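**Student:** Just dropping this structure here.
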Amino acid sequence: MTIHGDHPFLPPESERSPVRRLRGRLPSPVGLWTTSYGGKRAGLTVSSMLIADGEPAFVIGLLDPDSDLWEMLHKAKTAVVALLGEPHQQLADAFGYVAPAPGGPFRMLEWTDTDWGPAPVGVTAWAGCTLATPDPPEVGWALQVQLQIAHVELAADDVPAIVHRRGRYFTV
């Protein structure tokens, strides 16, 4: 068996999309979107997202239309968007489907059931949201999903946030 220094399934940089390589050079927030419906849970690490302040405020993110999260979010119409910190890198990888999570990623942490879905315990901040775009437009490979922010929880202990850049996590 050989242990690789790089991701074993990642094509060489010269074979990757130049647009993806451009996007990878931008620092992106690391958010965890979760929802529940019919007694089941779904979640996905989302880095292509932004928060738009205003009345009402929104979280706008790019989601894979084939993801379990989108399928369940479309039915549930509610979600939790959590901002992940330095201690949550393995959780981000597990929900991003790039690291193993025996028993599933929801077993890696404690969760609080909220009106919007499961919220991870110990994150620096999370928002309870409602789906504002039941039929979101396609943008590139993704759906541009808009969630209206209904509730915000900010932790007293501000855990340093992580960003994702060129396949690695950094703290801010």
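**Student:** For the range 22-85, take the convex hull of the Cα atoms, compute a quarter of its surface area, and give me that in nm², please.
**Tutor:** 5.3
**Student:** Hey, how much of the P(r) for the range 13-171 falls beyond 28 Å, as a percent of Cα pairs?
**Tutor:** 16
**Student:** Something else about it: With labels modelled as points extended 7 Å from the Cα through the Cβ direction, what inter-label distance (nm, one decimal) is found for I60 paired with D115?
**Tutor:** 2.6
**Student:** Now a separate question. Determine the dipole magnitude for the chain: charges of +1 sit on the beta-carbon of Lys and Arg, -1 on that of Asp and Glu, nothing else is charged, the reference point is the Cα centre, and the result goes in debye to the nearest 20.
**Tutor:** 480
**Student:** Would you work out which of G122, Q144, W111 lies farthest towards the positive end of the dipole of the range 13-171? Charges go on Cβ: Lys and Arg +1, Asp and Glu -1.
**Tutor:** Checking the options against the dipole of the range 13-171, the answer is Q144.
**Student:** Given labels modelled 7 Å from the Cα in the Cβ direction, how far is it in nm from A52 to D93?
**Tutor:** Inter-label distance under the simple model: 3.5 nm.
**Student:** Fewest to most neighbouring Cβ within 10 Å: what's the order for E110, E153?
**Tutor:** Exposure proxy ranking, most exposed first: E110, E153.
**Student:** Once phi is turned into θ = phi - 60°, what whole-Hz ³J(HN,Hα) does the Karplus curve with 6.51, -1.76 and 1.60 give for every residue of the range 76-83, x standing for Gly and Pro?
**Tutor:** Once θ is set to phi - 60°, the couplings for the range 76-83 become 6, 6, 9, 7, 10, 10, 10, 8 Hz.
**Student:** How would D68, D53 line up from fewest to most surrounding beta-carbon atoms within 10 angstrom?
**Tutor:** Lowest to highest Cβ neighbour count: D53, D68.
**Student:** Now for a separate question. Going 7 Å from the Cα of A150 along its beta-carbon direction, which residues of the range 72-91 have the amide nitrogen within less than 15 Å of the resulting point?
**Tutor:** 73-81
**Student:** For the pair V139/Y169, report the inter-label distance in nm, with labels modelled 7 Å from Cα in the Cβ direction.
**Tutor:** In this crude spin-label approximation the distance works out to 2.5 nm.
**Student:** Placing +1 on the Cβ of each Lys and Arg and -1 on the Cβ of each Asp and Glu in the chain, which of P87, S17, L63 has its Cα farthest towards the positive end of the resulting dipole?
**Tutor:** S17
Read-outs: derived from the displayed coordinates by stated rules, not from any lab. On a predicted model such as this, the values are computed, not experimentally measured, just so you know. Because the Cβ atoms are built from the backbone with ideal geometry, glycine has one as well, and the counts that use them run over all protein chains shown.
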